[in-house]
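A.B. asks: Before I ask anything, here is the structure I am working with.
The values are calculated or read from the model by the stated rules, or taken from the named source; none is laboratory data. Not measured: the values here are computed from a predicted model. Using ideal geometry, Cβ is built from the backbone for each residue, glycine included, and neighbour counts are taken over all protein chains shown.
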Amino acid sequence: MHVVFVEPSFPRNQREFVRALHAVGASVTAIGEGSAQALDPELKSWLDGYEQVPSVTNGEALLAAVKRIQSRGWVDRLETTVEAHIMPCAWVREQCTIPGTSTRTAWLCRDKPAMKEALREAGVATAESLGTNDPAEARAFAKRVGFPVILKPRDGAGAAGTYRANDEASLEAAIQGSGLAAGAGVACEEFIEGHEGFYDTLTVGGHIVHDFVSHYYPNVLEAMRERWISPQIVATNRVDADDTYDEVKALGRRVQEVLGVETSATHMEWFFGPKGLKFSEIGCRPPGVRMWDVYAAANEIDIYREWAQLIVHGAPAQRLSRRYAAGMVALRPSQDGRIVRYEGQAEMQRRYGQHLMDSHFPEPGTRTQGVEAGYHANAWVRARHESFDELRAMLDWIGENVRVIGG
C-alpha cells in the first residue's frame, strides 16, 4: 500500500506515524513544509518520497503535491493527524478520489456549531450552541439560555481562545476578546456543569477497534486559568472492568455514526453532571499533549504501529492489556519570568521512581510560558500504576510537593 502522510516533522511525534507506516509494510511519501535536506537520516530511511509545500494548510498547494505524487504511481491513502490539517486533506482526497475521511465528516468534526446541530438533530445530548459573527446574536443567545455561556473559536482545539461569561459585563469582555466585536466567527455555547473527560478511539470502517477513557482534574477551562492548580489528565484502566463507562462508549459510537467517521483516530470530549452525560466536541484525529504515549504505556502496546496496522491492513494486530492507569501532572512556575530552580524532585524519585514514565524539567534560566499555554507549557511528569486510585494519589503528591520556582 502507498500512503501519503502530511507533515512528518512537526510536532515531534509526527515522525512516529511515519515510522509505524514503514514498519507495517507501507510505502510512504510525505508532504511537509520543510526541505527534504532538513529531514534527519532516520526519518528519511522510512520514506520513499517527499514533497515540499509552502503550507500544508493551503489546499491548492497540497492538491498540487498529491497530483505530482499520483503522476508517479498509485496512491491508496492520504493521512494526517493534526487538527489544522484535517479539512484541507479531506478536500484533497475528494479531488483526487482517494479513500478516507470525507469533507462532510471533517467539517462536522471541525466546526463546533455545525457539529452540535447535526448531533442534536440525531437526538444526541449536547449543549445548546450558536455559530455567529454578530455580537447581538451572542447577547440574545445568552439571554435565552442563561449565564454562564462560553465563547470560543468555531474551529479551535482545547481551551485556546475560550471565554466564560458569567454575566453581561463579562459577556461584553468576551465579545471583545474573542474578536466577535470585529466580526470574527465564534461558537456560543451553553455552559455545562459537571466533570470533564474524553473518549478516544481507533476506528476502522466505522467500527471502534480500540478505545480509551481519560479524565481531567480539574476541568480544562479552570485548569488553564488558575496558576496554583497543578492539573492532571489521567487515563483509566477500568474501561472494561464494569458498566461504569458503558454510557460513554454508547455515546461515542452514536456520535461517530452520525458524523460518518470511517477509518480514523478520534478524540471526543464529554461532561457528566446534574444534567447527565453530555457530548462536548470531537476531533477526527488523535488527542493532544502526547496522550497516545500515555495510552501506549498504560496498555503495553506500540499505539502508532497499531494505528498504521489499521490504516494499511484494516485489522488490529495488538491487544490492550488495560494493566495500568496512566497520566500526567503539569507543574506551573511560581511566577512568570525565568525558571530559577526546582524543589522536591529528589523526594519524588525516592517515593515514586519505579512508577514514573518520564518527565520534562526545562533548564534553569528557561523563560516560562503562561498558564494558558497548556499542559506541556513548562514542567510536567508522567506516571503509571496498576491502581487508578494510587496513581491519582501519586500525581496529587507530585503536584503539591514538586515546585517550579520562577523569578
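A.B. asks: Would you call GLU269 under 25 Å from ALA308 (Cβ atoms), out of contact with any Lys or Arg (no Cβ under 9 Å at 6 or more places or on another chain) and touching a residue at least 60 places away in the same chain (Cβ under 8 Å)?
C.D. replies: Details: under 25 Å from ALA308 (Cβ atoms): no; out of contact with any Lys or Arg (no Cβ under 9 Å at 6 or more places or on another chain): yes; touching a residue at least 60 places away in the same chain (Cβ under 8 Å): yes.
Against the criterion (under 25 Å from ALA308 (Cβ atoms), out of contact with any Lys or Arg (no Cβ under 9 Å at 6 or more places or on another chain) and touching a residue at least 60 places away in the same chain (Cβ under 8 Å)), GLU269 does not qualify.
A.B. asks: Okay, next question. Quick one: which of ARG77, ARG104 is farther than 15 Å from PHE17 by Cβ and basic (Lys, Arg)?
C.D. replies: ARG104
A.B. asks: Just name the residue that is farthest from GLY32 (Cα to Cα) out of those in segment 47-82 that are touching a residue at least 12 places away in the same chain (Cβ under 8 Å) and among the small types (Gly, Ala, Ser). Break it down stepwise before answering.
C.D. replies: Taking segment 47-82 and keeping what is touching a residue at least 12 places away in the same chain (Cβ under 8 Å), we get 47-59, 62-63, 65-70, 72-82.
In the following step, the residues that additionally are among the small types (Gly, Ala, Ser) were identified as 49, 55, 59, 65, 73.
Values: GLY49: 11, SER55: 8, GLY59: 13, ALA65: 10, GLY73: 19 Å.
If we take residues in segment 47-82 being touching a residue at least 12 places away in the same chain (Cβ under 8 Å) and among the small types (Gly, Ala, Ser), then GLY73 is farthest from GLY32 (Cα to Cα).
A.B. asks: Which members of segment 99-130 meet the condition of being surrounded by fewer than 17 Cβ atoms within 10 Å (Cβ to Cβ), touching a strand residue (DSSP E or B) at 6+ places or on another chain (Cβ under 9 Å) and not aliphatic (A, V, I, L, M)?
C.D. replies: If the condition is that a residue be surrounded by fewer than 17 Cβ atoms within 10 Å (Cβ to Cβ), touching a strand residue (DSSP E or B) at 6+ places or on another chain (Cβ under 9 Å) and not aliphatic (A, V, I, L, M), then PRO99, GLU117, ARG120, GLU128 are the ones that fit.
Rundown of residues vs (1) of a type in the set (D, E, K, R); (2) touching a Lys or Arg at 6+ places or on another chain (Cβ under 9 Å); (3) surrounded by fewer than 18 Cβ atoms within 10 Å (Cβ to Cβ); (4) at pLDDT below 95, yes/no style:
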| residue | (1), (2), (3), (4) |
| --- | --- |
| GLU363 | yes, no, yes, no |
| TYR375 | no, no, no, no |
| ASN378 | no, yes, no, no |
| ARG384 | yes, yes, no, no |
| ASP389 | yes, no, yes, no |
| GLY399 | no, no, no, no |
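A.B. asks: Moving on to the next point. Just to confirm my filter: which strands (runs of 3 or more DSSP E) fall fully inside segment 91-173 and include at least 1 residues that are basic (Lys, Arg) and under 29 Å from GLN256 (Cα atoms)? Full working, then the answer.
C.D. replies: Values: elements: 129-132, 149-153, 163-165.
Passing ranges, in order: 149-153, 163-165.
A.B. asks: Let me ask something else about it. Taking segment 83-98, which residues are surrounded by fewer than 19 Cβ atoms within 10 Å (Cβ to Cβ) and without any contact (Cβ under 8 Å) to a residue 24 or more places away in the chain?
C.D. replies: Those that are surrounded by fewer than 19 Cβ atoms within 10 Å (Cβ to Cβ) and without any contact (Cβ under 8 Å) to a residue 24 or more places away in the chain: GLU94, THR97.
A.B. asks: In segment 305-312, is there at least one residue being touching a Gly at 6+ places or on another chain (Cβ under 7 Å), in a loop (DSSP other than H, G, I, E, B) and in the same structural domain as TYR217 (by TED's automatic domain parsing)?
C.D. replies: No; the residues of segment 305-312 include none that is touching a Gly at 6+ places or on another chain (Cβ under 7 Å), in a loop (DSSP other than H, G, I, E, B) and in the same structural domain as TYR217 (by TED's automatic domain parsing).
A.B. asks: Quick check, is VAL340 at pLDDT 95 or above, in a strand (DSSP E or B) and β-branched (Val, Ile, Thr)?
C.D. replies: On the way: at pLDDT 95 or above: yes; in a strand (DSSP E or B): yes; β-branched (Val, Ile, Thr): yes.
Criteria met by VAL340.
A.B. asks: Evaluate the following for GLU300: is it within 22 Å of ALA315 (Cα to Cα) and in contact with a Gly (Cβ under 8 Å, 6 or more places away or on another chain)?
C.D. replies: no
A.B. asks: Write out, first by first residue and then by second, each pair whose Cβ atoms fall under 6 Å of each other, whose residues are 6+ apart or on separate chains, and whose first residue, in segment 133-150, is within 12 Å of ALA165 (Cα to Cα) while the second is surrounded by fewer than 17 Cβ atoms within 10 Å (Cβ to Cβ) and not basic (Lys, Arg).
C.D. replies: Pairs found: PHE147/ASN166; PHE147/ASP167; PRO148/ASN166.
A.B. asks: Is at least one residue of segment 2-22 closer than 17 Å to ARG93 by Cβ, crowded, with 19+ Cβ neighbours inside 10 Å and charged (D, E, K, R)?
C.D. replies: Yes, some residue in segment 2-22 is closer than 17 Å to ARG93 by Cβ, crowded, with 19+ Cβ neighbours inside 10 Å and charged (D, E, K, R).
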